[in-house]
Amino acid sequence: METRKYFFQPDKKMIKTGFFMTDEEQNVVYEANVIKQPLIGAAQVSFVNHIANKTEDHKVGHVVTVEENGLIGGLSTSSYFKFDGKKIWDYLHEKDIRIDSSISPDKLGMSYIITLRGKEIASIKTSTPKGKSIITGRFWLDVETSEYYIDLAFLAAYAIAKTEQTFIN
């Protein structure tokens with residue numbers, strides 16, 4: 001399957017922050033729009049795949065981040081949100097998705113390999129709003145995947161961008 005490059009980014013035009021992904025021609029191909037965001041409880045988020053012309057609504061909880069002393073002496077961060085009532089990492093694992101993370105070799109940031117049942121389906125790298133800076137952030141991501149796996153790649157990018165979990169496996 002042919003892979004394409006996409007750019008995942010936050011939608012700052014809305015009060016209820018969502019995310020969207022564009023192709024190299026800057027066409028929006030996927031988005032996550034917050035429909036309802038109560039102060040307590042999960043938000044209703046609409047995931048729209050413009051390529052397949054389909055929309056799915058999901059319940060997305062608030063992000064929970066816990067920092068504790070790691071085994072080797074540094075801080076260990078655990079960060080997640082609930083997705084349809086399950087921790088996002090458990091939800092992805094139940095779908096046979098694994099995310100392997102490493103420090104990016106070409107920019108100051110992170111690289112992620114997304115696999116489905118052991119087969120690589122996407123690669124994700126932290127980026128910047130214009131993609132030109134050396135120092136990257138978790139809200140802007142370069143995603144490479146095929147249209148066939150775009151739903152899973154977008155969800156993985158969404159999980160990476162929303163949480164403060166740096167190293168994932």
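Heavy atoms only, 1.4 Å probe, whole protein assembly: order T145, T115 by accessible area, highest first.
T115, T145
Roll a 1.4 angstrom probe over the protein heavy atoms and tell me the percent of accessible area of segment 74-124 that is carbon or sulfur.
It is 50 percent, rounded to a whole number.
Quick check: net charge around N49, other residues with Cβ under 11 Å of its Cβ, Lys/Arg +1 and Asp/Glu -1?
Its environment carries a net charge of -3.
Compute the signed sum of charges (Lys and Arg +1, Asp and Glu -1) over the other residues within less than 9 Å, Cβ to Cβ, of Y6.
Neighbour charge sum, excluding Y6 itself: -2.
Determine the relative contact order of the chain: mean sequence separation of Cα pairs under 8 Å and six or more apart, normalised by residue count, in whole percent. Walk me through the numbers before you get to the answer.
Details: 362 pairs, mean separation 34.2, N = 169.
Taking the mean separation of contacting Cα pairs over the length of the chain, I get 20 percent.
Please compute the length gained on full extension between S104 and D90, using 0.36 nm multiplied by the number of residues separating them and subtracting their Cα-Cα distance.
Details: separation 14, 0.36 × 14 = 5.04 nm, distance 2.49 nm.
Gain on stretching S104 to D90: 2.5 nm.
Taking springs between alpha-carbon atoms closer than 10 angstrom, which of K125, K54, K87 fluctuates most in the Gaussian network model of the chain?
Per the Cα network of the chain with a 10 Å cutoff, K54 tops the list.
Using the alpha carbon gyration tensor of segment 17-116, what are the three equivalent-ellipsoid semi-axes (square root of 5 times each eigenvalue), largest first, in whole Å? Intermediate values should be presented prior to the final figure.
Values: eigenvalues 140, 88, 37 Å².
Semi-axes from the Cα gyration tensor: 26, 21, 14 Å.
Count charges around L116 for me, please; just the other residues with Cβ under 10 Å from its Cβ, Lys/Arg as +1, Asp/Glu as -1.
Net charge around L116: +2.
Given all pairs of different Cα atoms, what value in angstroms does the Kirkwood hydrodynamic radius of the chain take?
16.4
Could you size up the charge dipole of the chain around its Cα centre, putting +1 on the beta carbon of Lys and Arg and -1 on that of Asp and Glu, and report it in debye to the nearest 20?
Dipole size: approximately 400 debye.
Of the cross-linked pairs K86/K107; K59/K107; K87/K125; K54/K107, which ones have a Cα-Cα span greater than 29 Å in the structure shown?
In this structure, K86/K107; K59/K107; K54/K107 lie more than 29 Å apart at Cα.
Over the chain, with the other protein chains present, what is the accessible area per residue in square angstrom, probe 1.4 angstrom?
So the chain comes to 58 Å² accessible per residue, rounded to a whole number.
Got a number for the accessible area of F19? Probe 1.4 Å, square angstrom, nearest 10.
Roll a 1.4 Å probe over it and F19 shows about 10 Å².
Ignoring everything but the protein chains, give the 1.4 Å probe accessible area of T3 in square angstrom, nearest 10.
Estimated to the nearest 10 Å², T3 gives 70 Å².
Can you tell which of A32, I113, I103 lies farthest toward the positive end of the dipole of the chain, using +1 and -1 charges on the Cβ of basic and acidic side chains (Lys, Arg; Asp, Glu)?
Result: A32.
The values are calculated or read from the model by the stated rules, or taken from the named source; none is laboratory data. Quick caveat, the model's predicted, so the values are computed rather than measured. Glycine also receives a Cβ, built like all others from the backbone with ideal geometry; neighbour counts cover every protein chain displayed. Please note that ligands, DNA and RNA were not included when accessible areas were found on the heavy atoms of the full protein model with its side chains. Shrake-Rupley method; radii C 1.70, N 1.55, O 1.52, S 1.80 Å.
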